[in-house]
Amino acid sequence: MRGANARIAVLLAAAIAAAAGARAQSGPQTGQITVTGSVDRMCIMANPQVNLGASTNIGQASGGTVTIADLSDDQQMTTKSTDFYVTLSGMCNYSHLLTISSDRGGLWREPAGLATGGFANGVPYRATVDWGGSETVLLASAAGEGQVQQTLSVDQPVVGGVLLHFHIDQSATNAGSGVPLVAGNYDDTIRLTLGPQ
Amino acid sequence: MKLRLILLAGLALTAPALADGTGTITVSGSVSPACYFGSPVATTLNVGTLANQADGTLAPITPQSTTIPSSWCNTGSTIGIIASPLVAQSYIGSPPAGFTKAVNYTATAAGWATNSASFTTTGDTSGGGNGTTPGTQTTSDPVAQTITVTVSNFLAPSAGNRLVADPNYSSTITVTLAATH
Amino acid sequence: MTNRTDILLAACLLAGLCGPALAATVAAQPLQVNGDVPVRCKLSPPAAGTSVNTSFAPNSNGGDLTLTGLVDPDTALTRATESVIQIPIICSGAYSLTITSQGGLSNQNASAPSGGFATHVNYLLSANWAGATQSVETAGSAVTLDLSQSGSQAGNLSIDFSLPAGRGPLVAGTYTDEITIQLNAQ
C-alpha cells in the first residue's frame, strides 16, 4: 500500500531464551549435591570380668578387686603359683595404643618396708594381654617398687575382647627363688588404657 | 517510508509484489523441547556426627533436605536421581572385621512428578557394590517446579557395624532432568 | 550456593587443621590384685652341737638328751656335763617363743633325800636366739625363758644345757627333766 506511513517492527524469536542466560538445553540437565558427615576418633572399654573357672589360687573376685587365696605356700613359706584371666570388651575406631601398667612394679607388701634377712617382701608376676590379634607382656619383676608399663601399637580399628592373663611363678620372690615371704598383705594395681598412638 | 524487514532463523518472508490489493505474510516458529535445572539452595548437606558415642555404631541421623528452585521442562520429562554411599575419604583399604567405612542412605527428589524419584545406596563396608540404575519418575506435561532433594534412612551395611574414624565422610547425589519428547 | 558450615569445613580441610580434637585416652576400671601372707612359723628337727658327757637323739617330738656320765662313780658327785642343741626356726611375722624347764633333774625312783644324798640337782639352762641370750638356773619348779619377737626371723635357736661338776652326792636312780620349746605365730 503505497503512501501508507507505517512502521512495522517484527521481531520473531526462533527459540525461547532462558531468563538466566542460555542454559536450558534439549539434552539432559544434571545437578550434583554433596552429602558429608564425620566420625570422631573414639575408644571404649567395659569393666573387667574375672574368669574364676580358669583360675588357680584365687579366693574371690568382685568389682575390680582380685584376691589371691594364699600367696604363700604353707610348707615352704615361699610364693605359691597363681593364675587368673580377665576379659573386657573394647573398641577403638582408629589406629591406637593399648597400654598396660602396674602401679608398684610387682605385688609388694603393704607397706613394703625393708625385708629382714632371709625373707622377701615382693612378688614378681607377668600380665599377658591379647588385643586385636596382637599380644604384649607386662613384666612386673619386683626389682624395685615403682610403676612399670608396656604398650601395644595397633595400626587399625579393633572391636572385640581384651584378654589378660595374670601369672605368678611358684617360689618367685624379689629376694630370689624359694625365699620365704614376710607376713602381711601384698597388693598392686593393674591399669589398661586405649588411646592415641 | 521504510519498510523494515528483520529476517531471523526459521522464518521466511516472501516479498509481496507491490500492487494494489492485500497480501498475506505467514509467520511461523518452533520451540524445541528443553529442560532447565536450577541452582540448589545448598550444594552440600552435612549430616554431622555419624557415630553413636556410646558404642561407635551408626547413630540416628536426622533427614536433611535442600531445594532446587526455578527448574522447568517445557515438555514431558523424566527426573532421575542416583547417589553414592557416604564413604570415609581418608581411610585407605578395607575396614577390619566389625567395622565399616561406608554408610548407606536413601536420596529422594520430590515435587517434580506425582511420586518422588528415589534411590537407596547399597554399598558394602568399603562402599563398593552400589547400584548403577537411577531412580526415575516421568511426567507427560511440562513442569516448572521446585525440586526438593532429601537424604534419609541412613543404615550401616550390616547391623552393628562400627564406623571407622574419619573427619570426612562424603558422597554425591546426581539429579537429572531430561525431556522425553 | 553453599552454607557457612560448608565453607568452614572446606577451609579447615585445606589447612589440614580440621577434624575432631585428638581422642582422649580411655581407661578400664583398674584391677586391684591383693594377697595375704599369714604369719607362719616352722620349727625344724633339732641337731646336736657341742657335747660333753651327753648324747642327743632327735625324734619326731624333738629329741632325747642322755647324760652319759651324770656322776663320778667314786663320789656320786656330778661331773661337768654340757650339751648345745640347735633348732632351726623360721617365722614370717610376730611370734611367741618360750623355753620351759620343769625345774631341774629329779630322781624318778626316790622322792626324798636321805643319808646326805640328794634326789634333785639343778642345772643352768640358756637359750640364744636372734642375737639375744637368756639364762636361768633351775630351782625345783618350772621356769620359762621368753624369746618372743614382733617381726619375721629365721635362724637357729641354741639351747645350752650346762651342769657343773661337784653337785650332790646323788641318790642312785634315773634323773630326768623336760625342756619344752613352744613356738607360735601371733
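Computed from the coordinates by the stated procedures, all read-outs in this text should not be read as laboratory data. From a predicted model like this one, the values you see are computed outputs, not experimental measurements. In this analysis, Cβ positions are derived from the backbone assuming ideal geometry, glycine residues included, and neighbour counts consider all displayed protein chains.
Calculate one ³J(HN,Hα) per residue across the range B:166-172 by plugging θ = phi - 60° into the Karplus curve 6.51 cos²θ - 1.76 cosθ + 1.60, and present them in order as whole Hz with x for glycine and proline.
Along the range B:166-172, the couplings run 5, x, 9, 8, 8, 8, 10 Hz.
As a test of understanding, state the convex hull volume per residue of the range A:43-196 from its alpha carbons, in Å³.
101 Å³
What fraction, in whole percent, of alpha-carbon pairs in the range A:19-125 exceed 23 Å separation?
58 percent
For chain A, what is the relative contact order in percent, using Cα pairs closer than 8 Å and at least 6 residues apart in sequence?
Contact order relative to length: 25 percent.
Residue A:49 versus residue C:124, label points 7 Å from Cα toward the beta carbon: distance in nm?
7.2 nm
Under 10 Å, Cα contacts only: if you run a Gaussian network model on chain C, which one of C:139, C:24, C:47 comes out with the highest mean-square fluctuation?
C:24
Taking 0.36 nm per residue of sequence separation and subtracting the Cα-Cα distance, how much length would be gained by fully extending the chain between residue A:87 and residue A:110, in nm to one decimal?
5.6 nm
Using alpha-carbon pairs under 8 Å, 6+ residues apart, how would you state the relative contact order of chain B in percent?
Relative contact order comes out at 29 percent.
Restricting to Cα pairs below 8 Å that are 6+ residues apart, what does the relative contact order work out to for chain C? Please round to a whole percent.
26 percent
Helix C:4-15 versus the longest principal axis of chain C: what is the Cα-based angle in degrees, 0 to 90, to the nearest 10?
Roughly 60 degrees between the two axes.
Using each residue's phi in the range B:106-120, evaluate 6.51 cos²θ - 1.76 cosθ + 1.60 at θ = phi - 60° and report the 3J(HN,Hα) Karplus result to the nearest Hz, with x for Gly and Pro.
10, 10, 10, 10, 10, x, 9, 10, 4, 10, 6, 7, 9, 9, 10
Convert each backbone phi in the range A:129-137 into a coupling constant with the Karplus relation 6.51 cos²θ - 1.76 cosθ + 1.60 (shift: θ = phi - 60°), then list the ³J(HN,Hα) values in order as whole Hz, x for Gly and Pro.
Once θ is set to phi - 60°, the couplings for the range A:129-137 become 10, 10, 7, x, x, 10, 9, 9, 10 Hz.
P(r) of the range C:41-185 in 5 Å steps, Cα pairs, percent per bin?
Taking every Cα pair in the range C:41-185, the percentages come to 2, 9, 19, 22, 19, 13, 8, 5, 3, 1, 0.
Restricting things to alpha carbons, find the Rg to Rh ratio for the protein assembly as shown using the Kirkwood radius for Rh.
Rg divided by Rh gives 1.51.
Running a GNM on chain C with Cα contacts under 10 Å, which residue among C:122, C:61, C:156 ends up with the highest mean-square fluctuation?
Ranking C:122, C:61, C:156 by mean-square fluctuation puts C:61 first.
Determine the sum of side-chain charges near residue C:48: Lys and Arg each +1, Asp and Glu each -1, restricted to other residues whose C-beta is under 15 angstrom from that of residue C:48.
-3
Taking amide H atoms as placed 1.01 Å from N in the peptide plane, list the residues 5 or more away in sequence, or in a different chain, whose amide H sits under 5 Å from that of residue A:120.
Those lying under 5 Å, H to H, from residue A:120 are A:181, A:182.
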